[in-house]
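The values are calculated or read from the model by the stated rules, or taken from the named source; none is laboratory data. Here the structure is a predicted model, which means the values were calculated and not measured. Every residue, glycine as well, gets a Cβ built from its backbone with ideal geometry; the counts of neighbours run over all protein chains shown.
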Amino acid sequence: MPREPSSPKDWTQPFLLLQPNLRIADAPGLDPAALVREAARYGADVYLANGGGLVAWYPTRLAYQRPCPGLACDYLGQVTEAAHARGMRVLARIDATKGYEDDYRAHPDWFRVTADGHPVRVRELVESCFTGPYWQQFAFEIADEILTRYPVDGIFFNAYRYPTCSCPRCAEAFAAATGHDLPRREDWEDPAWRALVEYRYGALAEYTARMVAAIRRRRPGAILGVDQELVTDDPRHSRESGWGPALTRTFDLVTAIAFNRLTRPLPRWIYQAGEAALMGREGFGLPTCVLLTYSAIFGNRRAAQPPAQMARDIIAIAAHGGSPGVALSGTFAQEDRKALGAIRETHRFLRVHRDLYARMRPAANVAVVYSQRTADYYGRGDPWDRYLSEYRGIYEALVHAHVPFSVAELEVLVERGTECAMLVLPNAACLGDAEAAWLDAFVARGGRLLVTYETGLYDGAGRRREDFALGCLGRRAVETRSMAGAYLRIADRRLLRGLEHADLLPLGMERPYGGFGPLAPEGQPSEGMVVFTKPSPDASDQRCDLMVTNPVTNNVPEFSYWEGEAGTPGLVVNRHGDGVAVYLPWMAGRLYHRYGVPEVPTLIGRLVDAAMGWRRPLLTDAPASVEVTLHRLAAPAPRAAGAGIRAATRVRAGARRGGDGWMVHLINATGLEGKPLPDVVPVHDIEVRVLGKMRACRALALGKRLPVTYREGYSTVRVPRLASHEVLICQR
């Protein structure tokens, strides 16, 4: 049925987005209505259409836009009309990031230049300057022309970022704002470089606010979407693509990209799609669309993703509260069609059960906290090694231990508060005084905190502190020392149940000999670094374990042993007020992310359980390769996204309560390790136990009810076969 005029509230319910990202070669004979019909056949509610900028896909009056060669129709107009007739929404795509060589020759000041004064070319195109007319004038005029002419539901910006430009205009603007000359290179000891990082974040946030205001003036119900990277393999990219907390303050909808290319670095990170949905939906409290690419490799856009990987990412987005989007290179007439069926089938499943997805509400009472400030000011030139590997390893450990959890961004968490009872900070080194005070107060009123390595040993600007910013840890920092080749000796097995098979854990690599390769440079974060600590004077209720041994100094077999202990614990559990703080002064996450040390998920899961003192809301014997998510199932009446995010005044352990039962996702990634997921190996006879008494359980993928037994406070079902995914609806 035809659509009514859209409003931001339309985006709060689950939807499916498709983007036929058209090529100039697709223009001759293009049938917009047929494309919309095909998108509808794939289950799409939202059509992301080529609009303007580098190429205009409609009859434009703006002289600087190039009409698409060979296009004989008003593509954008006809797509909008056909989509609205089917009840679909339309976003118009704009790309202001590049121009043509003849434009550069006529107006070189419009374009980005390097520190050496050379233009930045992308094959036959030239990158535009963020402070120049492409961004500051033309983009606004293009958006206004589209919104004036067509009833589109929003504008979407491609390649939304502010890369460094050394043109005179950028240098003058930077100097006027900061008092510094524009730096020629990345140097974290240079105040000008540090100022540039903050300046670009602020400039892009200010630009976003102006663009949102311009769109709303022209059409109050329209939204702005951008290809934002909330999470990325290289946090340095975020320095160009914007500070999430600042950008999202003006958004009605987060549109994040999570392109699972085959060329991504090892160890492969398979959780980005779901992580982005979690960050937007629960971290920022906004409805979130996560965009995937159909292309396997950007250099070979017409090669398709493995179908199992595409299906897994789509389901993972929905399982974490997001709305999936898929971008195709060109039309649906693909030379490599292997993943098209996966899109159709997963979209069909999500459409059939849309009412249930609209009723999903957060249930996790544990949140992993991401800190872009730490990635910047502590990670510096190597944020992957110094920060991201620790964050991802802790994330993986919780997934593999099947602990339900959410994701939060540190700055937003402190600003808005949380309903979670436990926060996990993987090496969140950079904490401002206000953030540290908030975390101390969170623990004092009953919260639980788990932090690792150098969390709180740097201020918000990345300057090393003399001691921890967090008083709740009950420890004083003595020094950070390389202990490569050392071990962690287990003393109290009651505290660390599940590790009965071992008396120790590896802390890091032993000192190699022969051709085994060099150690990480002294003083660089690695799995062998340890923060040595001593008790704070006021610490009174504290337990220590995982005592650090002295390193093995020679791993030739005859000499591969240690002598004595280093005199510092690898685990501290400290009671602070009504809450508990748990401290691991080493990089447990990095050890797991890089090397897969199997004891790490057991350790992290056990520490969460011990700190919470709870009965987990969900238990399962599924293998670690099966990701499990848990949501409350609300009553059928819908509720706006983001509700329930408020400043925490009281901390309560256990799952967030309310609703008609549980919605449990099981997402199977059992297959070839270390490679893209070409197919999945089915898993059989999985036990799932949810807290409370349930009267019935439906398995949506299997299409049948499962028997429920109740014992010792848990309702138990057995999933006879898990293929790619399963969704259990457990009703009270």
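Quick notes
- Verdict on residue 231 being buried (at least 24 other Cβ atoms within 10 Å of the Cβ) and assigned to a loop (DSSP other than H, G, I, E, B): yes
- Identity of the residue in the stretch 663-688, assigned to a loop (DSSP other than H, G, I, E, B) and aliphatic (A, V, I, L, M), that ends up nearest to residue 310 (Cα to Cα): 677
- If you check 590, 616 for being of a type in the set (Lys, Arg), closer than 23 Å to residue 550 by Cβ and crowded, with 19+ Cβ neighbours inside 10 Å, only one passes: 590.
- Residues of the stretch 544-585 that are more than 20 Å from residue 454 (Cβ to Cβ), touching a Phe, Trp or Tyr at 6+ places or on another chain (Cβ under 8 Å) and not aromatic (Phe, Trp, Tyr): 549, 550, 552, 553, 554, 555, 556, 579.
- Conditions (1) more than 24 Å from residue 416 (Cα to Cα); (2) modelled with pLDDT under 95: number failed by residue 156: (2)
- Apart from one condition, residue 597 fits all of (1) in contact with a Leu (Cβ under 7 Å, 6 or more places away or on another chain); (2) within 24 Å of residue 384 (Cα to Cα); (3) buried (at least 22 other Cβ atoms within 10 Å of the Cβ); the exception is (3).
- Those residues of the stretch 103-131 which are small (Gly, Ala, Ser) and either touching a residue at least 60 places away in the same chain (Cβ under 8 Å) or in contact with a strand residue (DSSP E or B) (Cβ under 7 Å, 6 or more places away or on another chain) (or both), in sequence order: 115, 128
- Some residue of the stretch 283-302 being in contact (Cβ under 8 Å) with a residue 12 or more places away in the chain and assigned to a helix (DSSP H, G or I): yes
- Residue satisfying condition, being in contact with a helix residue (DSSP H, G or I) (Cβ under 6 Å, 6 or more places away or on another chain) and not in a loop (DSSP other than H, G, I, E, B), within set 52, 99, 43: 52
- Residues of the stretch 294-309 that turn out to be more than 16 Å from residue 18 (Cβ to Cβ) and touching a Lys or Arg at 6+ places or on another chain (Cβ under 8 Å), as a count: 5
- Scanning the stretch 172-196 for residues that are in a helix (DSSP H, G or I) and surrounded by 15 or more Cβ atoms within 10 Å (Cβ to Cβ) yields a total of 8.
- Restricted to the stretch 328-438, the set of helices (runs of 4 or more DSSP H) holding at least 1 residues that are touching a residue at least 40 places away in the same chain (Cβ under 8 Å), within 19 Å of the chain's Cα centre (by Cα) and within 28 Å of residue 530 (Cβ to Cβ) comprises 372-377, 389-400, 410-416.
- Residue that is surrounded by the most Cβ atoms within 10 Å (Cβ to Cβ), among those in the stretch 545-580 that are out of contact with any Asp or Glu (no Cβ under 9 Å at 6 or more places or on another chain) and part of a strand (DSSP E or B): 546
- Meets criteria (surrounded by fewer than 17 Cβ atoms within 10 Å (Cβ to Cβ), out of contact with any Pro (no Cβ under 6 Å at 6 or more places or on another chain) and either under 25 Å from residue 703 (Cβ atoms) or not assigned by TED's automatic domain parsing to the domain that holds residue 604 (or both)) for residue 351: yes
- Matching residues in the stretch 294-328 - criterion: being crowded, with 23+ Cβ neighbours inside 10 Å, at pLDDT below 95 and among the β-branched types (Val, Ile, Thr): none
- Every condition in (1) closer than 17 Å to residue 487 by Cβ; (2) within 32 Å of the chain's Cα centre (by Cα) is met by residue 545 except one, and the failing one is (2).
- Of the residues making up the stretch 449-461, at least one is under 15 Å from residue 546 (Cβ atoms), modelled with pLDDT of 95 or more, in the same structural domain as residue 374 (by TED's automatic domain parsing) and assigned to a loop (DSSP other than H, G, I, E, B).
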